[in-house]
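The values are calculated or read from the model by the stated rules, or taken from the named source; none is laboratory data. Since the structure is predicted, the reported quantities are computational estimates derived from the model, not experimental observations. Here Cβ is always computed from backbone atoms with ideal geometry, including for glycine, and neighbour counts include all displayed protein chains.
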Amino acid sequence: MQATNAQSKSRSGVVKSLKKQKGEKLNCTVSTDILEESADYMVAKVTLKFEDFTKTDLVTLVREDNDWKVSKSINSYK
């Protein structure tokens, strides 16, 4: 039998944790690929390679006035 120490957090717990990290520098390598782009929207793949795992985000951005805003982000971990 194997035991794991997996932890789960509520959405509010995850948001609280992420807010605490704001402004911190992460020890990882970041690569960004623009998968699709138009005048009003963009889809990007952002990969963060840490020592023990990789986090990949597929991010949809939309242009509002002269600024780009994140519309949706889908995360995966390996």
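When you check Ser31 against the structure, is it touching a strand residue (DSSP E or B) at 6+ places or on another chain (Cβ under 7 Å), modelled with pLDDT under 90, in a strand (DSSP E or B) and of a type in the set (Ser, Thr, Tyr), yes or no?
no
Residue by residue, here is whether (1) of a type in the set (A, V, I, L, M, F, W, C); (2) out of contact with any Pro (no Cβ under 7 Å at 6 or more places or on another chain); (3) modelled with pLDDT under 90; (4) not in a strand (DSSP E or B) holds:
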site: Lys25; (1), (2), (3), (4): no, yes, yes, yes
site: Met42; (1), (2), (3), (4): yes, yes, no, no
site: Lys55; (1), (2), (3), (4): no, yes, yes, no
site: Val59; (1), (2), (3), (4): yes, yes, no, no
